[in-house]
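One structure is given here, and the rest of the page talks about it.
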There are 2 protein chains.
Amino acid sequence: MFGAIEAGGTKFVCAIADEAGIICREERFETTDPDTTLGRVLAFLRQARSQFGALDALGLASFGPVELRPGSPRFGCIGGTPKPGWSSTDILGALGSEFGGPIGFDTDVNAAALAEHRWGAARDVRDLVYLTVGTGIGGGVIVDGTPIHGLMHPEIGHVFPRRHPLDVEFRGVCPFHHDCIEGVAAGPAIIARSGAPLSALRHDHPQWEIEADYLGQLCAQLVLTLSPQRIVLGGGVMAQTRLFPLIRGAMTSWLGGYIDRYELRDGLDQYVVPPELADQAGVRGAVALAMDAARAAGNATAI
Amino acid sequence: MFGAIEAGGTKFVCAIADEAGIICREERFETTDPDTTLGRVLAFLRQARSQFGALDALGLASFGPVELRPGSPRFGCIGGTPKPGWSSTDILGALGSEFGGPIGFDTDVNAAALAEHRWGAARDVRDLVYLTVGTGIGGGVIVDGTPIHGLMHPEIGHVFPRRHPLDVEFRGVCPFHHDCIEGVAAGPAIIARSGAPLSALRHDHPQWEIEADYLGQLCAQLVLTLSPQRIVLGGGVMAQTRLFPLIRGAMTSWLGGYIDRYELRDGLDQYVVPPELADQAGVRGAVALAMDAARAAGNATAI
């Protein structure tokens, strides 16, 4: 059995999965302060152990920024974050102190990308981006089947979009950059600009066009830099599925016909897609991380 | 012995290298129409064969857009390009008709990135971006030691920068997008805006600040999306080495302190760096492609 923790900025999801990756127990709770939140995680794991016996591996999919380099003294620690109390929290250490087995560890969005790649909307490709558009904007990137880290990990939510002509007055809500993509297109930006979430706005409200243009521009930038074979768009804002055709149209307009590919013309409906795993993507990604960690540990033993 | 062809938009470089990747013969000529240019390449290879005997493999590093998917009917063909006569040219086929051995094939900028990774300014990292800023802007991306392709290949020169406040009147010179990064920051844009290349402009001319801001913004966007461990900046415009500290400063300003990493603070001089291979990066990348193709063919035989 595998333990899986999706440590999100607004909610935590804890789960136990079997050797096929099927979740057989799950608990969700709000993210509050680190002590309370991680205490609930440890209680879940202890209770699971008493029910299922020892776990073969854990997977931890954490909100970022987070230190992913195993050699770093801050490996497993949250970086500077606006979330009160969480900066410098050793989230991996908190689990490691309780659990001695292998632990797979990555960002929540890289894990969600991995889950959509393994079991969801991007099963048939090797290179993809998973974007979540909700209380924030985050992006996970898979290249040749593996999440990328590099210097740290992608922080796609903080790229700088060109401002929409109807939106030049809006300052943006990101505490770091004001009008990065998260600052102008995540849920709180929509409410700050238009006084209501998308779901409460008429279809002819300019907010729809502004939102689609920003997200279409983001998708176009990702095509030009990362060249993914698919872009999966999830998160609370994307529950408004009429955004999909609007975003595809905006992306096409931003690219200006430069990238000559079937996938960006006739195949566009299969290029920018909703997730298949819905709100299970993050926790199932944590399951995938646990399974990979168990396999890596097995291989290490075999050598 | 290996044959190596750098097929650039302005010049071609043909070379022969030994088993250590050292170039022992080289020829450079201007890119004109496809028949003339590829005729000179074939003449070079025939002459090399008569001097050195059969070649073990060829490497071809081509300007893009180009079809890199071996399964595609257009594999090895140039895509739509403003370069007269070159759209749809089967550049790989032209070499394959003359040469029966293994051929390694990638974009010129991916190859240059590979060369800087293997023998140059990015030997000690696994994830890097190589940008060339010259008559155009191109970017090669290496993730975990391997050039990325995905849907096509990165086309970093065509991302959309936010316009500099001193540059809002300038239309940009890209025939596809007007004011993408290539349209506002490559050599022809500098001349169109300021009437002269950077080398002829006083150090207090605003063009310097505008150029550094656009390239610093591009580097910041790449940090946020690709998370490279190093960015190598080459090409004719970057021969003005006083751009480097200006670009590093602009990148820092664009990132707004969000990515908390030694490499982006005290280590910044080693993060955004000039190439070590200078104008040999492309052709040595083609050598690396040839060596990898020979190794892959050898492995295939061994299996």
For labels at B:Arg295 and A:Thr10 in the simple 7 Å Cα→Cβ model, what's the distance in nm?
-> 4.7 nm
In nm, what does the list of distances from B:Gln47 to its counterparts in the other copies look like, shortest first, when each label sits 7 Å along Cα to Cβ?
-> 7.9
Hey, with R₀ at 41 Å, roughly what FRET efficiency would B:Asp33 and A:Phe75 work out to, going by the Cβ-Cβ distance, to 0.05?
-> 0.15
Ignoring ligands and nucleic acids, A:Met238 exposes an accessible area, probe 1.4 Å, in Å² to the nearest 10, of 10 Å²
What net charge do the residues around B:Gly120 carry, taking every other residue with its C-beta under 9 Å from that of B:Gly120, with Lys and Arg at +1 and Asp and Glu at -1?
-> +1
Could you give me the ³J(HN,Hα) list for the stretch B:76-90, computed from phi with Karplus coefficients 6.51, -1.76, 1.60 and θ = phi - 60°, whole Hz, x at Gly and Pro?
-> x, 9, 5, x, x, 9, x, 6, x, x, 8, 4, 6, 5, 8
Paired Rg and Dmax values of the protein assembly as shown, which use every Cα atom, in angstrom | 24.9, 76
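Charges only on Cβ, +1 for Lys and Arg, -1 for Asp and Glu: so what's the dipole of chain A about the Cα centre, in debye to the nearest 20?
Working: 24 positive and 34 negative charges, 21 e Å.
Computed charge dipole of chain A: roughly 100 debye.
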Other-chain or far-sequence residues with amide H under 5 Å of A:Gly64's (modelled H) = A:Asp108
Add +1 for every Lys or Arg and -1 for every Asp or Glu among the other residues with Cβ under 11 Å from the Cβ of A:Ala293, and state the total.
-> -2
Can you list the residues, at least 5 places off or on another chain, whose amide H is less than 5 Å from the amide H of B:Gly234, using H built in the peptide plane?
-> B:Leu131, B:Thr132, B:Val133
With a sphere of radius 12 Å drawn around the Cβ of B:Ala186, what net charge do the other residues whose Cβ falls strictly inside it have (Lys, Arg +1; Asp, Glu -1)?
-> -2
Of the stretch A:164-192, those with amide N under 20 Å from the point 7 Å along the Cα→Cβ vector of A:Asp204 are A:166-167
Work out the P(r) tail for the stretch B:109-267: percent of alpha carbon pairs separated by more than 27 Å, whole number.
-> 20 percent
For the protein assembly as shown, what is the accessible area per residue in Å² when the probe is 1.4 Å?
-> 38 Å²
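Ballpark to the nearest 100 Å², how much total accessible area do A and B bury together, probe 1.4 Å?
Working: alone 13640 and 13620 Å², together 23140 Å².
Heavy-atom accessible area buried at this interface is about 4100 Å².
With the full set of protein chains in place, find how many percent of the accessible area of the stretch A:121-275 is carbon and sulfur; take the probe as 1.4 Å.
52 percent
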Accessible area of A:Asp213 in the full protein assembly, 1.4 Å probe (Å², nearest 10) | 30 Å²
In whole angstrom, how far apart do the alpha carbon centroids of the stretch B:1-17 and the stretch B:244-300 sit?
-> 21 Å
Burial of 20 Å² or greater, the stretch A:215-231 residues [accessible area, probe 1.4 Å, versus chain by itself] | A:Gln221, A:Leu224, A:Thr225, A:Leu226, A:Ser227, A:Gln229
Counting only backbone N atoms under 19 Å from a point 7 Å out along Cα-to-Cβ of A:Asp144, the residues of the stretch B:149-171 in range are B:149-155
Among all helices in chain A defined by DSSP H, which have a length of 27 Å or more along the axis from Cα atoms plus a Kyte-Doolittle mean of at least 0.0?
-> A:206-225, A:281-302
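Give the residue list of trypsin sites (Lys or Arg not before Pro) in the stretch A:194-303 that are DSSP loop and have at most 13 other beta-carbon atoms within 10 angstrom.
Working: sites: A:Arg202, A:Arg230, A:Arg242, A:Arg248, A:Arg261, A:Arg265, A:Arg284, A:Arg295; in loops: A:Arg202, A:Arg242, A:Arg261, A:Arg265.
Passing both the DSSP loop test and the Cβ count: A:Arg202, A:Arg242, A:Arg265.
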The alpha-carbon pair-distance distribution computed for chain A, with 10 angstrom bins and whole-percent values, is 6, 28, 34, 22, 9, 1, 0
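Kindly provide the helix-only [θ] at 222 nm of chain A, computed as the sum of -39,500 (n - 2.57) over DSSP H runs of four or more divided by all residues, to the nearest 500 deg cm²/dmol? Don't skip to the answer; put the middle values down first.
Values: 8 runs with 105 residues, N = 303.
Helix contribution divided over all residues of chain A: -11000 deg cm²/dmol.
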Return the long-range amide H neighbours of A:Val159 (sequence gap of 5 or more, or a different chain), with a cut-off of under 5 Å between placed amide H atoms.
-> A:Ile181, A:Glu182
Which percentage, to the nearest 5, of the DSSP beta bridges contained in the protein assembly as shown is antiparallel?
-> 55 percent
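With a/c under 1.5 counting as rounded, go ahead and sort the stretch A:156-250 into rounded, prolate or oblate using the C-alpha gyration tensor (a ≥ b ≥ c being the square roots of the eigenvalues; past the cut-off, prolate if a/b is larger than b/c, else oblate).
On the way: a/c = 1.67, a/b = 1.17, b/c = 1.42.
Taking the square roots of the gyration eigenvalues as a ≥ b ≥ c, the stretch A:156-250 is oblate.
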Leaving out same-chain residues fewer than 8 places away, which lysines sit with a Cα under 17 Å from that of B:Lys11?
-> B:Lys83
Short version: ³J(HN,Hα) in whole Hz for each residue of the stretch A:198-205, in order, from phi by Karplus 6.51 cos²θ - 1.76 cosθ + 1.60 (θ = phi - 60°), x for Gly and Pro, what are they?
-> 3, 4, 9, 9, 4, 5, 9, 5
At 1.4 Å probe size, with no ligands or nucleic acids counted, give the accessible surface of A:Asp292 in Å², nearest ten.
-> 50 Å²
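The values are calculated or read from the model by the stated rules, or taken from the named source; none is laboratory data. All values reported here derive from a predicted model rather than from experimental measurement. All Cβ positions, even for glycine, are placed from backbone atoms using ideal geometry, and neighbour counts span all protein chains on display. Quick note on the areas: whole protein, heavy atoms, side chains included, nothing else; ligands and nucleic acids left out. Shrake-Rupley method; radii C 1.70, N 1.55, O 1.52, S 1.80 Å.
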